[in-house]
Amino acid sequence: MQSIIPPGLSAGEDVTEIAKGGVQEWTPIEQVKLYTNAFILQDNKILLGYKKRGFGKDLYNGFGGKVDPGETSVEAAVRELQEEAGITAPLRHSGVLFFTVSDVAHAFYIDVYYANEYSGTIEETEEMRPQWFSVEQNATGTQHNSNKTDSEFAPIPYEQMWADDPFWLPLLIQGRPFIGRADFGADGRMQKWWFAEIPVSSDV
Ligand SMILES: CNc1ncnc2c1ncn2[C@@H]1O[C@H](COP(=O)(O)OP(=O)(O)OP(=O)(O)O)[C@@H](O)[C@H]1O
């Protein structure tokens with residue numbers, strides 16, 4: 001399929017559009033800051049964190065934050081996972097997301113990672129409250145006790161997540177690399193968006 005990769009992202013020709021929409025023009029990019037976002041996927045469950053403060057407060061998300069000077073992106077991702085969930089994991093790159101938010105001066109360039117294993121004990125921190133969710137679409141559970149079976153975990157709470165997440169999180173769960181961009185308005189809604197799957201071998 002023909003596609004136009006939005007400003008802020010780069011990829012080869014071999015991209016498959018998943019979704020796009022919204023207004024005519026992308027928001028001009030002035031300053032870009034590098035971020036990470038990391039997810040643990042294990043036994044048909046995904047570990048999300050409820051953000052207790054700061055940007056994205058009261059939303060569920062992966063664990064991540066800004067890449068510090070002198071740090072590589074994956075080093076930052078490992079550090080943020082440790083700081084926010086108390087665990088260490090062999091993170092693997094899954095995709096890139098690019099966002100602008102109307103009341104934030106910089107754009108977000110986010111390397112997204114996952115791991116199927118971790119070491120340490122998951123713990124709540126001052127920034128995040130970690131919680132397992134079922135990746136099965138028919139999950140019905142509302143309890144999150146670790147003694148429960150997988151299907152008794154609640155489904156992914158997309159209604160309490162960033163509006164872009166339903167476009168790319170299913171790809172991450174299926175091990176399908178992706179790129180995407182969304183421009184958010186002051187009301188927290190997406191004004192323009194574009195998401196694509198990229199070949200597994202791509203060096204995203
Ligand atoms: C706009 N649409 C979005 N959709 C999904 N996820 C988004 C996002 N925009 C930002 N994110 C993630 O939100 C976290 C912010 O991190 P944030 O707490 O601000 O960073 P950091 O921990 O460095 O900040 P402190 O300065 O310590 O507060 C970080 O995981 C980043 O990847």
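The values are calculated or read from the model by the stated rules, or taken from the named source; none is laboratory data. Note that the structure is a prediction, hence the values are computed from the model and not measured. Note that we place each Cβ from the backbone using ideal geometry, even for glycine, and neighbour counts take in every protein chain shown. Remember, those area values only see protein heavy atoms, side chains included, never the ligands or the DNA or RNA. Shrake-Rupley method; radii C 1.70, N 1.55, O 1.52, S 1.80 Å.
Solvent-accessible area assigned to carbon and sulfur over the chain amounts to 48 percent, based on a 1.4 Å probe. Available extension along the chain between Val104 and Lys52 is 16.8 nm, counting 0.36 nm per residue and deducting the alpha carbon span.
Applying 1/(1 + (r/R0)^6) with R0 = 35 Å to the Cβ-Cβ distance of Glu136 and Glu83, what FRET efficiency is obtained, to the nearest 0.05? Write down the numbers at each step before the final one.
Values: r = 30 Å, r/R0 = 0.85.
Taking R0 as 35 Å, the efficiency between Glu136 and Glu83 is 0.75.
Contact order, relative form, for the range 1-114: 29 percent (alpha carbon pairs under 8 Å, 6 or more residues apart, mean separation divided by residue count). Across the options His106, Leu59, Gly49, the greatest Cα extent toward the positive end of the charge dipole of the chain (unit charges at beta carbon of Lys, Arg, Asp, Glu) belongs to Leu59.
Applied to the range 84-98, the Karplus parametrisation 6.51 cos²θ - 1.76 cosθ + 1.60 on θ = phi - 60° returns per-residue 3J(HN,Hα) values of 9, 10, x, 10, 10, 8, x, 6, 10, 6, 10, x, 10, 10, 10 Hz, with x for Gly and Pro. Non-local lysine pairs in the chain, meaning eight or more places apart or on different chains, with alpha-carbon distances under 26 Å, amount to 18. Taken about its Cα centre, the chain carries a charge dipole of about 220 debye when Lys and Arg each add +1 at the Cβ and Asp and Glu each add -1 at the Cβ. Normalising the average separation of contacting C-alpha pairs (under 8 angstrom, six or more residues apart) by the number of residues puts the relative contact order of the chain at 27 percent. Using a Gaussian network for the chain with springs between C-alpha atoms less than 10 Å apart, which of these wobbles most: Ser94, Ser102, Ser134? Judging by the Gaussian network model, the answer is Ser102. Rank Val78, Val104, Val32 by mean-square fluctuation in a GNM of the chain with C-alpha springs under 10 angstrom and give only the top-ranked residue. Top of the fluctuation ranking is Val104.
Quick check on the range 1-76: take the gyration tensor over C-alpha atoms, sort the square-rooted eigenvalues as a ≥ b ≥ c, and tell me if it's rounded (a/c under 1.5), prolate or oblate. If you can, show how the numbers build up before the last one.
Values: a/c = 1.65, a/b = 1.40, b/c = 1.18.
Prolate, since a/c reaches 1.5 and a/b exceeds b/c.
Please work out the FRET efficiency for the pair Val200 and Asp43, using the Cβ-Cβ distance as r and a Förster radius of 35 Å; give the result to the nearest 0.05. Don't skip to the answer; put the middle values down first.
On the way: r = 23 Å, r/R0 = 0.65.
Taking R0 as 35 Å, the efficiency between Val200 and Asp43 is 0.95.
Over the chain, give the accessible area per residue in Å² for a 1.4 Å probe, as an integer.
Details: 10420 Å² over 204 residues.
Per-residue accessible area for the chain comes out at 51 Å².
Using R₀ = 25 Å, calculate the FRET efficiency as 1/(1 + (r/R₀)^6) where r is the Cβ-Cβ separation of Glu152 and Ser119; round to 0.05. Walk me through the numbers before you get to the answer.
Working: r = 25 Å, r/R0 = 1.01.
That gives a FRET efficiency of 0.50.
Seen from Ala105, the other residues with C-beta closer than 15 Å to its C-beta sum to a net charge of -1, counting Lys and Arg as +1 and Asp and Glu as -1.
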